[in-house]
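**Q** Take a look at this one; I'll ask things after.
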Amino acid sequence: DILGIEKERANISKVADSLRSAFGENIAQDAMLKKFEKSSAKICVNNGLRKPEEFEKAKQLGFHFWYITAPLETRLARIQNRNQNIDDQTQTLEKFIKQESLETEKFITELGLKSDVRFDNTGSMEDLYTQVDQEISKLVS
């Protein structure tokens, strides 16, 4: 909203790519780490790691990685229902598949395979929350 551009996945990807191009590949990761260092929280969550380099650096620092996934069609239906971005309700399967190959998206599955925990998000939100709560209890106990 602050940039005055339509909030859609393609534009979000362009902004992220532009930031990395102008300020270095680690701009998002460095900002995240600074924010986490200032936090007194026992658990901090970030859903923005997109590059293998970001993943490896955070892994070296002791971060735990969780990957939440669902089938393509399920994710598309949820995006359409959520209507977070301007193009969500009109999103087609063809366009969604094409967006999966954007620079900011293309490593997500690979990083998911390297994650410490993988969640199957094919059920309800309550099902997902149960899975997440179980993993959180392992971390804080």
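The values are calculated or read from the model by the stated rules, or taken from the named source; none is laboratory data. Remember, predicted model here, so these are calculated numbers, not experimental data. All Cβ positions, even for glycine, are placed from backbone atoms using ideal geometry, and neighbour counts span all protein chains on display. Heads up: the accessible areas ignore ligands, DNA and RNA and are worked out on the full protein's heavy atoms, side chains in. Shrake-Rupley method; radii C 1.70, N 1.55, O 1.52, S 1.80 Å.
**Q** Compare 104, 109 by solvent-accessible area with a 1.4 Å probe and give them largest first, with all protein chains kept in place.
**A** Listed by decreasing accessible area, they come as 109, 104.
**Q** For residue 57 and residue 82, compute 0.36 nm times the residue count separating them, minus their Cα-Cα distance, and round to one decimal in nm.
**A** Taking 0.36 nm per residue and subtracting the Cα distance, the gain is 5.8 nm.
**Q** May I pose another question? Going through segment 1-42, which GluC sites (Glu not before Pro) have at most 14 other Cβ atoms within 10 Å and a DSSP loop state?
**A** 6, 25
**Q** Rounded to the nearest whole Å², what accessible area per residue is found for the chain with the 1.4 Å probe?
**A** Accessible area per residue: 69 Å².
**Q** Still on this model: With an 8 Å Cα cut-off and a minimum separation of 6 or more residues, compute the relative contact order for segment 48-141 in percent.
**A** Relative contact order for segment 48-141 comes out at 38 percent.
**Q** Still on this structure, please answer the following. Would you calculate the volume per residue, in Å³, of the smallest convex hull containing every Cα atom of segment 26-86?
**A** Looking at segment 26-86, the number lands at 132 Å³ per residue.
**Q** Further question on the same structure: Mind counting lysine pairs for me in segment 1-66? Cα separation below 22 Å, and the two need to be 8 or more apart along the chain or on different chains.
**A** Value for segment 1-66: 14.
**Q** Under the rule a/c < 1.5 gives rounded, and otherwise a/b versus b/c splits prolate from oblate, where does segment 1-125 land using the Cα gyration tensor?
**A** oblate
**Q** Over segment 70-141, consider all pairs of different Cα atoms and compute the Kirkwood hydrodynamic radius from their mean reciprocal separation; express it in Å, one decimal.
**A** Answer for segment 70-141: a Kirkwood hydrodynamic radius of 14.1 Å.
**Q** Collect residues whose amide H, placed 1.01 Å from N in the peptide plane, falls under 5 Å from the amide H of residue 119; neighbours closer than 5 in sequence don't count.
**A** Distant-sequence amide H within range of residue 119: 67, 68, 69.
**Q** Moving on to the next point. Quick check: pseudo-label points 7 Å beyond the Cα along Cα→Cβ at residue 22 and residue 132, how many nm apart are they?
**A** Rounded to a tenth, the inter-label distance reads 3.1 nm.
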